[in-house]
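Take a look at the structure set out below.
Bear in mind these aren't lab numbers, they're just calculated from the coordinates by the rules spelled out. Here the structure is a predicted model, which means the values were calculated and not measured. So basically every Cβ, Gly included, is an ideal-geometry build from the backbone, and we count neighbours across all protein chains shown.
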Amino acid sequence: MAERASDRVVRLLGMVAFLDRHEDASVEELARQFGVTSDQVMADIDTLWVSGTPGYLPYDLIDFDFSSYERGVVRLTESRNMTRPLRLSAREGVALVAALRALDAGLAGALDDERAAVVRSALGKLTAAVGDAAGTVDVTLTLAAAPAVAAALAAALRDGRRLHLRYVNAADVASERDVDPIRLVTDTDRSYLLGWCHAVGGERLFRVDRILAAHVLDEPAEQHGATGAGEFAPGDDGELVTLHLTSRARWIAESTPVQAVRNHDDGSFEVDLRVVSPAWLRHLVLQAAHDVLEVRPAAVAADVARTARAALAAYGPLAARTAEDS
Amino acid sequence: MATQIDPAERLLNLLIALVNTHGRMTKEQVRTSVAGYADAPSDEAFERMFERDKDTLRELGIPLVTVTNAGHGDDFGYRVDLDAYALPAIDLTSAELGVLTLAAQTWQDRTMRGDTARALTKLRAVGQAPGASELVTGLAPRVRSGGTVFAPLLDAAQARQVVRITYRAANTGEVRQRRVEPWQLIARRGGWVLIGWDQDRAAPRSFRLSRIEGSVRTLGEPGAFPPPAPEQVERAMAAWRDGPSRIATLALLPERAEATRVRAVEAPPDARDWASDPVAGPLVAGRDVVHVVYRSEWELAEELVGYGDAVLVLDPPEVRDHVLALLTQAVALAPDDERGERRG
């Protein structure tokens with residue numbers, strides 16, 4: 001997709017401001033600084049070179065030293081008064097400040113002292129530049145990890161080391177495995193470790209709140225050409241299950257890799273899911289039971305209902321006592 | 001031969017012209033002298049182009065100033081005072097820029113992504129060279145998108161402008177229009193919530209973004225209501241906060257529910273002796289009684305119900321009631337013939 005004009009203008013102006021502060025930057029330096037290719041930098045310089053005030057005669061234009069440019073060095077010789085760095089817009093400021101605050105508060109367990117200090121200093125400087133309008137957005141990230149587990153994951157990711165995990169899956173079966181960590185994904189609900197699992201020889205996503213113990217091993221983590229594609233994308237494996245849900249259960253469509261969503265006129269909706277783990281689906285339906293109108297196919301609905309009946313039976317008189325009280 | 005000029009070049013030339021103009025530039029002067037505008041094939045096309053460019057510059061944080069001729073009210077022009085819109089001095093280290101890059105990537109919302117990318121470009125112009133982004137390697141914070149209503153609500157909250165939304169109530173499913181003074185957008189477990197003053201009910205209310213239908217309409221002018229008092233926001237947010245931490249008592253089947261078991265704490269001093277309880281005693285036999293800390297009854301219930309008969313909630317009764325209610329609902333999901341079999 002073509003770059004938006006506004007994004008390019010901001011970079012063009014940013015380059016002028018940067019070059020005003022840094023004499024003789026190389027094309028490569030500019031590319032690194034602004035996170036674009038060298039070709040893009042050269043295209044940007046070409047544009048700046050022909051831009052200026054109406055008339056567009058040589059002295060009207062932004063200008064660079066030609067002989068240094070021949071050597072790949074960019075030296076600004078005329079800026080046409082465009083060297084002031086641009087202020088952040090209200091939304092830009094609040095977006096960065098809210099995210100930094102969330103990192104500071106929510107990822108604290110996964111940041112060592114040095115990193116936590118950098119987050120805090122960046123937050124301090126940015127808040128000073130943006131002002132107090134930053135309070136309109138408030139984000140809470142949920143690490144949901146035991147402190148020792150969070151520290152081990154963070155250390156392994158930072159140092160590129162293999163982890164030994166004790167992990168319990170959705171079917172409540174615990175196992176031990178070695179994992180090369182790729183990244184720790186944290187959202188408002190919980191965290192996942194994406195890693196290359198040596199037990200299965202592939203990329204796997206581990207819910208951090210189900211990691212019972214984690215130890216950093218001496219072996220370095222190997223690169224496995226990880227794609228991260230499996231991060232949240234639904235696969236083609238597994239049984240296709242349809243849930244008919246009330247509008248209150250929108251969070252399921254937002255937080256679960258669904259294949260399709262169909263809205264009904266009454267506000268209820270259906271989602272199609274590819275289910276690899278029946279235990280995972282059972283848990284999802286049980287926790288959302290108040291908002292589940294129907295489960296298809298019927299055999300899956302029957303399976304969930306059987307689990308629920310067994311649990312009610314296990315409560316025995318405790319279930320009855322509650323019922324009488326209410 | 002006039003080749004079509006890139007919109008970014010046109011914007012840049014407009015900006016340079018308006019920054020360097022003596023006094024002001026009229027619209028006609030922009031059209032005839034600024035590179036790119038001569039491409040406009042008609043008056044309407046030029047108007048559209050110029051309006052769009054003005055909007056874009058405003059979006060970037062560079063509003064055009066209108067300058068009126070003292071003699072003629074109709075005779076006005078534009079200029080840009082960049083000094084007034086310059087970034088205050090901010091000296092970012094490369095490590096801080098690395099952290100900011102991570103913060104920018106937190107947003108999954110497309111509008112917010114675009115905003116943070118632009119903000120980063122602005123900050124990189126004044127920051128040190130990048131290089132320490134490995135400082136936060138492997139961390140991937142994510143805030144899911146609040147949908148198409150998010151950006152308009154945020155703009156309205158920042159501008160303190162009243163909005164009209166179409167909202168589907170959680171309990172009744174009833175759809176109604178609501179006029180809201182938007183205060184704050186909060187991302188919590190389960191998604192985005194708008195907190196604000198509901199003008200129709202004359203009370204603070206919260207609204208899940210996922211239940212807002214259609215688009216957000218602004219009503220009236222910016223600055224229409226004062227910023228809320230901190231205690232008002234506090235009160236409205238209370239429902240979305242976790243309560244104080246309390247201890248629940250569970251009976252687990254051996255070697256089951258390990259993810260819950262791993263959080264077990266010591267028995268509180270006032271713990272009951274469940275094994276000798278006349279009602280619960282027989283149920284607890286063969287199970288491990290453990291204590292876990294929780295803050296939200298519902299969250300704990302939703303976690304535990306997934307274990308089926310492997311976990312029994314002994315205490316508190318509120319959490320047990322939630323679990324039993326979920327189980328009862330789930331039983332009703334069985335196809336009719338299965339339920340019939342069981343009854344018959």
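Listed values, structure above:
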read-out: Simple label model, 7 Å out from Cα along Cβ direction - A:V200 to B:A285, nm; value: 4.0
read-out: Charge context of A:V200, other residues only, Cβ under 14 angstrom, K/R +1, D/E -1; value: -3
read-out: Reachable lysines from A:K125, criterion Cα separation under 17 angstrom, eight or more residues apart if same chain; value: B:K122
read-out: Label-point separation in nm, A:S79 to B:A45, each point 7 Å along Cα→Cβ; value: 3.7
read-out: Total charge dipole magnitude, segment A:166-230, about the Cα centre, Cβ charges on Lys, Arg, Asp, Glu only, Debye to nearest 20; value: 200
read-out: Residues A:S247, B:S145, A:S26 arranged by fewest to most Cβ contacts within 10 Å; value: A:S26, B:S145, A:S247
read-out: Residue order, fewest to most beta carbons within 10 Å, for A:S268, B:S276; value: B:S276, A:S268
read-out: Cβ-derived FRET efficiency at R0 41 Å, B:D273 paired with A:T256, nearest 0.05; value: 0.50
read-out: Charge dipole (debye, nearest 20) of the protein assembly as shown; +1 at Cβ of Lys and Arg, -1 at Cβ of Asp and Glu; value: 1040
read-out: Calculated FRET efficiency for the pair A:A320/B:E299, C-beta based, R₀ 25 Å, to 0.05; value: 0.45
read-out: Point-charge dipole on Cβ atoms (K/R +1, D/E -1) for segment B:7-85, about Cα centre, debye to 20; value: 140
read-out: Net charge of neighbours whose Cβ lies under 11 Å from the Cβ of B:G114, counting Lys and Arg as +1 and Asp and Glu as -1; value: -1
read-out: Selection from B:I195, A:A108, A:V9 lying farthest towards where the dipole of the protein assembly as shown points positive, charges on Cβ; value: B:I195
read-out: Estimated FRET transfer efficiency when R0 is 25 angstrom, pair A:H290-B:A239 (beta carbons, to 0.05); value: 0.90
read-out: B:M237, B:M25 arranged by Cβ crowding within 10 Å, fewest neighbours leading; value: B:M237, B:M25
read-out: Where labels lie 7 Å past Cα in the beta-carbon direction, separation of A:H22 and B:R201 in nm; value: 5.3
read-out: Summed side-chain charge close to B:F150 - residues other than B:F150 whose Cβ falls under 13 Å, Lys, Arg +1, Asp, Glu -1; value: +1
